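Below: one structure, written as structure tokens.
Computed from the coordinates by the stated procedures, all read-outs in this text should not be read as laboratory data. What you are looking at is a predicted structure, and each value in this text was computed from that prediction instead of being measured. Here the Cβ positions follow ideal geometry from the backbone for every residue, glycine too, while neighbour counts run over all protein chains shown.
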Amino acid sequence: MINAPILIISIPLLAAFLTHLTKYTKVKRGAELVAIFAWLASAFVLSTTARSVLAGQVIKYNLGGWPAPFGISLQVDGLSFFFAVLVMLVGLLILIYSLGIYLYARRFYSLLMIALSSILGIILTRDIFNLYVFFEMLAVASYVLITYKHKPRTIIASFKYLVMTEATWVFFLLSIAILYSLTGSLNMDVIAVQIPGIYQANPQIVYVVFSLMMISFGIKCGMFPLHTWIPEAHSQAPTPVSGLLSGLILKVGLYAMLRIFYLFFGATLLTHGVGNVIIFFGIVSLIFASAMALVQIEIKRMLAYSSISQIGFILIGVGLGTQLGLQGALFHIFNHALIKTGLFFCAGIIISQTGFWKIHQMKGVWQQMPGLTITFCLLSLAAIGIPPLNGFVSKLFVIQAVLLKHNYLIIFCLFLGILLTAACYFRVIQMFFSPEEFHHKHDFRPNPVGHFEHLTVYAFAFLCLLIGIFPALVINLIQPALKVLLP
Amino acid sequence: MIFPTSFWPVDSLSFFMLIMVTMLFSLVFVYSLAYVKRNLFRYYFVLLMALLGILGTILAKDLLSFYICLELMTVAVYFLIVDNTKKESFPAGFKYVIMMFAGGLFILVAALMLYNLTGTFEFAVFARVAHTLPAESIKLILALFVIGCLIEIGAVPFHVWLPDAHPIAPSPVSALLSGLVIKIGAYGLIRMLFIFKLGMQLLIWVGVLSMIFGVVLAIRQTNIKRLLAYSSISQMGYVLLGMGIGTSLGIGGGLFHILNHATFKMLLFLCLGAVIYATRERELKNLGGLGKRMPITAATFCIGALAISGIPPFNGFASKALIVSATAGNLWLKTALIITAAGTTAVFLKLFLQVFWGELPAQLKKTNEVPAPMCFSLLILAGICLVVGLFPGPVLNKFVPLTGIALLHFEFWNFKLLVDTTMAVFLGLAIYFFGVRFGLLGVGEGRGKENSTLLSYLSVDKFYCGVAALIEALCNMLKKVMRRSLNVYLLWIFMALVILLFVLWCPLWKITI
Amino acid sequence: MIGFNGITVGIIIILLGLFGVLTKRNTIKIIMCLYVMNSGVILFFVSLGYVVSGQAAIFDHGRTLLPMVDPLPQAVMLTSIVIGLVITSLALALALKIYEEYKTLDVKDLINKQND
């Protein structure tokens, strides 16, 4: 389908507004139905492109019929397809998880669909300003989603996220302006062709653009000095939104980094060693965040810090820029989205069942919820990277890629990071198995947790196991993406 | 890079390990039938997973499969160690799992580096191309691999997890840990060292240190299972020493000792497990005189103790005889061996006398013999100890492809060995009586507090705990630093931008990482 | 490029806003400074497409008007202005909520309101 790209974005966006209209129908839980059907329809449209995209073709759509240098064009290529599949999968599971919670009404699904469709927009667009607009759309939707429960602490978290992100995204707009003044176009392909020439003439300006973009995408994906919004926002948000933030919004920042850096600076800066800078940020994030995760008191904050450390892991792969490093990074993006969303959901169920937020209060969870505890163990083993779970495969690729560079300092840091991660997860697991009698918080009535939540969590664990045993499933998706990144 | 993982009984070595593992594992199963009462589903599920991991490591045709199964085993054994979910079991399990992951990572990195050199993970190909590889990188790879395996074994500078994990685990699991889990590291070591024939000198040193440290630390212990754990460290020292010597006799002895140590240490653990099952006591001072109440346990324990002390005609004697002969007159090694044997004799004399001899405490009057499945396991293991000790030939036959035919012509009953053994036994008796006299053994009356400080330094536990505490303190400090107002966070963003610009403008980034 | 034109002024305004964001502790002031930064970028971007005494780029039956200003920055900045408005109003709403809840506008006071 030639107009598949626009349909993929617009169906969920349309559904976002339709959910409000269900107020006027008699259908029970109409908003949920609309959201899920729109999402499935969008996934179906994506699947029609699969054959040609996996064969290496590109499906291009110009908005309003304007060709490339003037109009906005949307495009499905290998990299977009890989990320779109990830978003479809995790998005569907997030929707199913939210189904079980009656608290979430039309407004929630509307915002969620806006966020998801803008994520798809980011992934498919080829216009750099359009990218900015979709990012802002996503940001606005997520600010509101974080404060969905109107608790005071969520508002502080959201405010912090807002100010930090917007202050940084002014710089992204600035870098767009500079690029426009240099190339006279906002289309990524047109800019990409001209950048080597500009680099020859005036490398300094390319450095400025690179730094501005690095900071802007860095704050989205949460690399080290820019991560400070993450723990607060992730731990305060409602559980499905935590999953969305950690599973998809961080990944979208990484997508933009991969796409734009490899397209714009692949031939100029990255081949000249700027990857080292990214690796440095990755290492610092990895060590720092896993150290912080070790001493967190709240389980969701711990998971949030662990997300940052996994992002550091991915950044190392991105910075290496080799075939294997990128393969590891992409694979880890996929795995981490599944693992961390699943972990957040597990934590969410446990919190809503016990009323406890803190790790040291969660004793005896095993007696009460054995299935959930096993799932949590599986997912956290996947996060540490224990075979035969999926985290192991991507860990293997990244370590192998670093080893091929013969850099033993990075290997040491990876070692430390993995061990610290293992320590922080086993801290939680041993608390779950602790003997103390399970008791609820004082005067706390546990929320009923339905089948949908459990189903989602088991699905995540199953996917982790499946991909760990058959990594070829994902590697086949990664190969076209790699062809796009490293032509 | 697609990784085929493949499993096959490669050669006589893995065949030998396979027989040993399946035989001993089934005994642990039988024992568990009576011993384990709670959480049956979880226990047996994890136990089978551990079996899967152990068998996988043995049957692995390539290094990556070896690593994968090793990690599987690690995780399964972690859940076995914390099985009784007591408060103390979690720190021990934590220590175990972190150490084992660290060891696994070393092995993984070594495997990947070998892959980069040879383009494969298969042992067979390594053996074919071993002589063509650059010596420098092979040394580095082997160093990493050996460190990894030594952590898995629990050899001396890395033995911190062993004495904590053993006492806290359920007794069949302790037997499994000592009998099979730590053998896997040794198995990996043999596999790789056979291929590259390097790094033997290091193993001798580590072996000797493990032997002496283990036995010295074991002497003072009063917790019965902790004592056995320290003794395991010492016995694995024998294995390492034998492999490090590298002659036909040495390797044969090391391999033979793997089997023998597995049987008698398992027997000892299961016996003490029976004692714990019957009495609910783990401290030496609360035990005594159980020989009359539990005759089968006492008799089989006696056999195990004789075997571990290297007294003929039990199997411990046979393998130790091989290793002693392999030292070929090196006086230092021989002295170390005899001291260790003497220490072991003293330790087990103490254990036997304190548990099964003497006066029965009042609260243990009603103790009865353990149920039949447990007795069955004990008797079978004791039988193996005796039969293998009397007829080592069939087992040694299995090693011939690895070590050469010289092993089969070894004369076990020669005069020199008997003299050495007698010397060791008498030295052991002397150590025991002097120890009791001066209160050095931690039992009976007397002083001996002052030497415990020295011993606590010998066990490197303090060092590792110090490192862990340091890391935690640093993390807490970091956490405090990170609690800032929004302005500071924004300042960090801006600083990151400025630093990035600075770094890019003065091309510091051109320093190739 | 140096001179008293839109580009320079735009950069100066961005830096002013940045200074405010980094130093002001009052939430409302921080939001104002964010908006100031945004305005600086808008000025910067629009100035890029500005041509001295240029006309609006409206094509009238094939007659081209020269000199003509670049229409793209203007179109793009219109979107950006809208986004800035949305963000600012949302931020103000959040600040109001925070004030209702904690009776404070000082971001430093908010540190202790969150758990560690």
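For the stretch B:1-198, the Kirkwood estimate of hydrodynamic radius, built from reciprocal distances between every pair of different alpha carbons, is 17.2 Å. Per residue of A:140-153, other chain Cβ atoms within 10 Å of the residue Cβ number 2 on average. Take each residue in A:271-283, count the other chain C-beta atoms within 10 Å of its C-beta, and the mean is 3. The stretch B:247-293 and the stretch A:254-271 have Cα centres separated by 62 Å. Remark: mean inter-chain Cβ contacts per residue of C:11-23 equal 3, using a 10 Å Cβ-Cβ cutoff to other protein chain atoms. Relative to one another, the C-alpha centroids of the stretch A:181-199 and the stretch B:63-95 are positioned 55 Å apart.
In this structure, residue C:25 and residue C:52 have a Cβ-Cβ separation that, at R0 = 60 Å, corresponds to a calculated FRET efficiency of about 0.90. Each Lys or Arg adds one and each Asp or Glu subtracts one; over the other residues with Cβ under 11 Å from the Cβ of residue A:147, this totals +4.
When restricted to Cα atoms, the stretch B:7-85 yields an Rg and a Dmax of 13.5, 40 Å, respectively. Considering helices alone, the calculated mean residue ellipticity of the protein assembly as shown at 222 nm is -25000 deg cm²/dmol, with DSSP H runs of length four and up weighted by -39500 (n - 2.57) and normalised per residue. First check a/c for the stretch A:1-84, with a ≥ b ≥ c the square roots of the eigenvalues of its C-alpha gyration tensor; if it is under 1.5, answer rounded, and if not, answer prolate when a/b is larger than b/c or oblate otherwise. Here the stretch A:1-84 falls in the oblate category.
By how many degrees, between 0 and 90 and to the nearest 10, does the Cα long axis of helix A:370-384 differ from the longest principal axis of chain A? Long axis of A:370-384 versus the principal axis of chain A: about 30 degrees.
Both numbers refer to the Cα atoms of chain B; Rg and Dmax are 24.6, 85 Å.
Between 0 and 90 degrees, the angle of helix B:12-35 with respect to the longest Cα principal axis of chain B falls at about 70 degrees. With respect to chain A, whose longest principal axis is taken over its alpha-carbon atoms, helix A:390-404 is tilted by about 40°. Neighbour counting of Cβ atoms within 10 Å sorts the residues A:349, B:339, fewest neighbours leading, into B:339, A:349. Applying the criteria of a DSSP loop state and at most 15 other Cβ atoms within 10 Å to the trypsin sites (Lys or Arg not before Pro) of the stretch C:64-108 yields C:103, C:108. Remark on residue B:154: its backbone amide H falls under 5 Å from none of the residues 5 or more positions apart or on other chains, H modelled at 1.01 Å from N. Peptides A:288-294, A:23-29, B:137-143, A:478-484 ranked from most to least packed, by the mean per-residue count of other Cβ atoms within 10 Å: A:288-294, A:478-484, B:137-143, A:23-29. Shown here is the pair-distance distribution of the protein assembly as shown: with all Cα-Cα distances grouped in 10 Å bins from zero up to the longest one, the shares run 2, 10, 18, 20, 17, 13, 10, 7, 3, 1, 0, 0 percent. The residue among A:370, A:332, A:278 whose Cα reaches farthest toward the positive pole of the charge dipole of the stretch A:274-487, with charges on the beta-carbon of Lys, Arg, Asp and Glu, is A:278. Karplus-based coupling profile of the stretch B:372-382, in residue order and whole Hz: 4, x, 5, 4, 4, 4, 4, 5, 4, 5, 4, with θ = phi - 60° in 6.51 cos²θ - 1.76 cosθ + 1.60 and x standing for Gly or Pro.
For the stretch B:1-198, the relative contact order is 24 percent, taking Cα pairs closer than 8 Å that sit 6 or more residues apart in sequence and dividing their mean separation by the residue count. Only Cα pairs under 8 Å and 6+ residues apart enter the sum, and on that basis the relative contact order of chain B stands at 14 percent. Packing around the peptides B:420-431, A:196-207, B:358-369, A:145-156, taken as the average count of other Cβ atoms within 10 Å per residue, puts them in this order, highest first: A:145-156, B:420-431, A:196-207, B:358-369.
For the stretch B:120-211, the list of chymotrypsin sites (Phe, Trp or Tyr not before Pro) that fall in a loop by DSSP and count at most 13 other C-beta atoms within 10 angstrom is empty.
Diffusion of the stretch A:274-487 by Stokes-Einstein, at 20 °C in a medium of 1.002 mPa s and with Rh set to the Kirkwood radius over alpha-carbon pairs, works out to 121 µm²/s. Near the amide H of residue B:7, within less than 5 Å, lie the amide hydrogens of B:61, all on another chain or at least 5 residues away, with H placed in the peptide plane.
Residues B:495, C:77, ranked from the fewest to the most other C-beta atoms within 10 Å, line up as B:495, C:77.
For the stretch B:39-51, putting each phi into the Karplus relation 6.51 cos²θ - 1.76 cosθ + 1.60 with θ = phi - 60° gives couplings of 6, 4, 4, 4, 4, 6, 4, 5, 5, 5, 5, 4, 4 Hz, in residue order, rounded to whole numbers and with x for Gly and Pro. Of the peptides B:460-467, C:84-91, the ranking by mean beta-carbon count within 10 Å, highest at the top, reads C:84-91, B:460-467.
Residue pairs exceeding 24 angstrom between C-alpha atoms, taken from A:405/A:483; B:86/B:462; A:300/C:24; B:320/B:416: A:300/C:24. With θ taken as phi - 60° and the Karplus curve 6.51 cos²θ - 1.76 cosθ + 1.60 applied, the whole-hertz 3J(HN,Hα) list for the stretch A:82-98 is 4, 5, 5, 4, 4, 5, 4, 5, 5, x, 4, 5, 5, 4, 5, 4, 5 Hz, x standing for glycine and proline. Under conditions of 20 °C and 1.002 mPa s, the stretch B:277-385 yields 139 µm² s⁻¹ as its translational diffusion coefficient, taking Rh as the Kirkwood radius over Cα pairs in the Stokes-Einstein equation. I need the calculated FRET efficiency for the pair residue B:413 and residue B:130, taking r as the beta carbon distance and R₀ as 51 Å, to the nearest 0.05. E between residue B:413 and residue B:130, to the nearest 0.05, is 0.85.
Residue exposure proxy: B:73, B:113, ordered by other Cβ atoms within 10 angstrom of their Cβ from fewest to most, comes out as B:113, B:73.
Take the Kirkwood radius over Cα pairs of chain A, plug it into Stokes-Einstein at 20 °C and 1.002 mPa s, and you get 95 µm²/s for translational diffusion.
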